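Scroll down for the structure; my scribbles are underneath it.
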Amino acid sequence: MKRMPMIAGNWKMFKTGPEAVKTATQLAAACKDITDVQIMIAPAFVSLPLVAAAVKGTPVCLGAQNLHFEKQGAFTGEISADMLTAAGAEYVIIGHSERRQYFFETDDMVCKKIRAAVTAGLKPVMCIGETETQRDREKTFLTLDKQVSDGLQGFGPEEIKDLVLAYEPVWAIGTGKSADTGQVEEVHQYLRSLLEKRFSSDLAQSIRIVYGGSVKPENINELMRITDVDGALVGGASLDADTFTKIIRFDTTL
Ligand code: PEP
């Protein structure tokens, strides 16, 4: 089955509203002819409506970086799925390793957040990945298995058909040290077979599994040549429109 590749930019806590609009506008102009790659950027919450207006009618779509799992309520400082869709988000990143590490998100919270997103019609980009210690102790597959099983507990295949699974080894995020192609290939194959075992072969074949961790113009081509890699979640290298455009315009023949 042919899966449309997705290249997504996670802008984390960078860029003010005007700065986000400027980069998004440059990116949209540089990518205006692209129809075969799903391009997504995830700016800070406050920039969502501004960036939504800037990319309207272009191939660039919007994502948020997080959400709260409750529909609404007395949760000071939090943001709901409905607020994100109203602000123009189509996707939402859930369970990023920085959320797990610094904000103590558990697989159970990830599961509730995915439920909230799906209920509101937001497409989740679910992040999973092992730490360096887990890899060194040969616990990579065990870790990923638990993150997928617990994070998607109670879901049927139909409910998660638009979910994007992002494999992001924690040791490769923001370190400049990307996983090598052998490691990525092995994990992506494993994840697809895990989805088949837990859900269905149709879901496993249609779902996009993207890689994240120090993706840059220099390594995107070899990553995209891997059969089970359907795109990339990019942090640092997505902040500059020219650099991000080079990643979006990957060429697997090079
Ligand atoms: C990320 O934050 O999801 C990420 C992959 O970051 P970087 O590309 O900077 O490693």
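The values are calculated or read from the model by the stated rules, or taken from the named source; none is laboratory data. Since this is a predicted model, take the numbers as computed values, not measurements. Neighbour counts are summed over all protein chains in view; Cβ atoms, including those assigned to glycine, are modelled from backbone coordinates with ideal geometry.
Within the range 166-179, can one find any residue that is among the hydroxyl-bearing types (Ser, Thr, Tyr), under 30 Å from Ala20 (Cβ atoms) and surrounded by fewer than 16 Cβ atoms within 10 Å (Cβ to Cβ)? Looking for residues that are among the hydroxyl-bearing types (Ser, Thr, Tyr), under 30 Å from Ala20 (Cβ atoms) and surrounded by fewer than 16 Cβ atoms within 10 Å (Cβ to Cβ), one finds at least one in the range 166-179, hence yes. Those helices (runs of 4 or more DSSP H) of the range 11-124 in which 1 or more residues are in contact (Cβ under 8 Å) with a residue 60 or more places away in the chain, aliphatic (A, V, I, L, M) and at negative phi occupy 17-30.
Among the criteria (1) closer than 17 Å to Met6 by Cα; (2) away from the ligand (no atom under 16 Å from the Cβ); (3) surrounded by 16 or more Cβ atoms within 10 Å (Cβ to Cβ), the one Gln205 does not fulfil is (3). Looking at Leu165, Leu195, just one residue is assigned to a helix (DSSP H, G or I) and either modelled with pLDDT of 95 or more or within 19 Å of Gly9 (Cβ to Cβ) (or both), and that residue is Leu195. Of all residues in the range 81-97, those that are over 13 Å from the mean Cα position of the chain (by Cα) and either of a type in the set (Asp, Glu) or within 16 Å of the ligand (Cβ to nearest atom) (or both) total 1. The condition (being under 26 Å from Ala120 (Cα atoms) and either in contact with a Leu (Cβ under 8 Å, 6 or more places away or on another chain) or crowded, with 21+ Cβ neighbours inside 10 Å (or both)) is satisfied by just one residue among Ala44, Ala53, Ala24: Ala24.
Here Phe250, Phe199, Phe244 are screened, and the one residue that is within 12 Å of the ligand (Cβ to nearest atom) and touching a residue at least 40 places away in the same chain (Cβ under 8 Å) is Phe244.
Residues that are touching a residue at least 60 places away in the same chain (Cβ under 8 Å), among the small types (Gly, Ala, Ser) and part of a strand (DSSP E or B) occur at least once in the range 212-230.
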